[in-house]
Amino acid sequence: MHLVASERIKLFSIATPWVCGGFALVALAVPAALTALSATESHLPPTVASTQFGYQIGLVAVLVLAGLAVTSDYHSGTIHGTFQAVPRRTPALVAKAAVAAGYAFLIGEAAAFTAWLVARILAPDADLALDSAADWTIVAGTGPVFALAAVAGVGVGLLARHTAGTVALLVVYPLAFENSVQLIPDAGPAIHRWLPLNAATKFLTGRGEANAGRDGGTATVLSDSPLATGWALAYFALFAVLVLAAGITTVRRRDA
């Protein structure tokens with residue numbers, strides 16, 4: 001537990017967690033408010049899914065937070081002291097991932113429920129009650145997805161080590177790369193179905209039950225993953241663990 005406490009102190013001694021956490025909160029709350037306020041003009045009544053429209057931007061903030069939790073240690077040199085105190089390295093790195101994941105979970109839950117609450121206040125007549133499993137999944141499921149994304153983000157930070165490269169990768173991949181894969185002739189759509197963030201979206205959105213059966217509109221476009229929602233989350237978890245394992249293995253084989 002002392003490793004977790006140490007990593008928690010290091011993480012919250014920098015501005016990154018506060019900035020990224022606040023950004024994620026705004027990233028979900030503002031689109032939810034705009035969707036609720038523009039429902040009449042768009043002729044698309046707000047849905048529980050539409051309250052989570054900003055999820056992807058919030059996810060980017062969490063990925064960057066996790067990556068910077070690693071690269072800031074390398075930049076400041078505190079990683080050397082950590083490895084001197086914990087020569088095996090793995091326990092310290094797992095503790096770092098656990099702290100990042102725990103904080104990301106809290107960010108996800110706070111942001112998702114805040115966005116939902118904002119929409120309920122601004123559109124009191126809309127049917128935004130959480131009265132189905134799909135409704136609860138797309139809101140409460142944001143925390144677990146953010147936590148797993150943070151685990152993967154720590155792994156990427158361990159692999160890249162440098163701030164610029166880590167941030168670039170963690171921003172470009174979710175916002176551009178996965179969708180761009182679909183442009184590859186013939187094989188693109190088949191590859192896209194098995195990409196990790198696409199699986200995370202499948203877990204959250206399912207078949208569109210929380211969006212009145214609509215695909216897109218004022219909510220996230222549905223995933224084309226062939227996995228069931230539970231398996232989609234397990235698949236994303238496996239990806240996150242593998243990325244972290246690759247990062248830890250790389251760090252153990254090279255100098256800090």
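The values are calculated or read from the model by the stated rules, or taken from the named source; none is laboratory data. Computed from a predicted model, the values in this text were never measured in an experiment. So basically every Cβ, Gly included, is an ideal-geometry build from the backbone, and we count neighbours across all protein chains shown. The accessibility values were calculated without ligands, DNA or RNA, using every heavy atom of the protein model including side chains. Shrake-Rupley method; radii C 1.70, N 1.55, O 1.52, S 1.80 Å.
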* **Value of [θ]222 nm, deg cm²/dmol, for the chain, DSSP H segments ≥ 4, -39500 (n - 2.57) each, nearest 500** => -22500 deg cm²/dmol
* Enumerate the helices in the chain for which the Kyte-Doolittle hydropathy averages 0.5 or more and the C-alpha atoms extend at least 30 Å along the helix's axis, using complete DSSP H runs. => 16-37, 55-76, 90-122, 229-252
* Structure fact -> Nearest-0.05 FRET efficiency for S180 and V19 at R0 = 30 Å, using Cβ-Cβ distance, is 0.60
* Asked: Carbon-plus-sulfur fraction of the accessible area of the chain, 1.4 Å probe, in percent?
  -> 68 percent
* How big is the gap, in Å, between the Cα center of region 227-256 and the Cα center of region 103-170? -> 19 Å
* With Rg and the Kirkwood Rh both taken from Cα atoms, where does Rg over Rh land for region 133-198? -> 1.06
* Can you give the extra length, in nm with one decimal, that the chain gains between R253 and W231 once fully stretched, where that is 0.36 nm per residue apart less the Cα-Cα distance? -> 4.6 nm
* Structure fact -> Given a 1.4 Å probe, the accessible area of the chain per residue, as a whole number of Å², is 46 Å²
* Asked: To two decimal places, what compactness ratio does region 1-83 give when its Cα radius of gyration is scaled by 2.2 N^0.38 Å?
  -> 1.53
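How do the peptides 75-82, 23-30 rank, highest first, by the average count of neighbouring beta carbon atoms within 10 Å per residue?
Descending packing order for the listed peptides: 23-30, 75-82.
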* Stretched out fully, how many nm does the piece from L117 to A168 gain, at 0.36 nm a residue minus the Cα gap? -> 15.1 nm
* Can you give the convex hull volume per residue for the Cα atoms of region 1-143, as a whole number of Å³? -> 107 Å³
* What translational D, rounded to a whole number of µm²/s, comes out for the chain from Stokes-Einstein when the hydrodynamic radius is the Kirkwood one over Cα pairs, at 25 °C and 0.890 mPa s? -> 131 µm²/s
* Asked: Would you list R252, R88 from the most to the least accessible area, probe 1.4 Å?
  -> R88, R252
* **Sites A187 and I9, calculated FRET efficiency, Cβ-Cβ separation with R0 51 Å, nearest 0.05** => 0.65
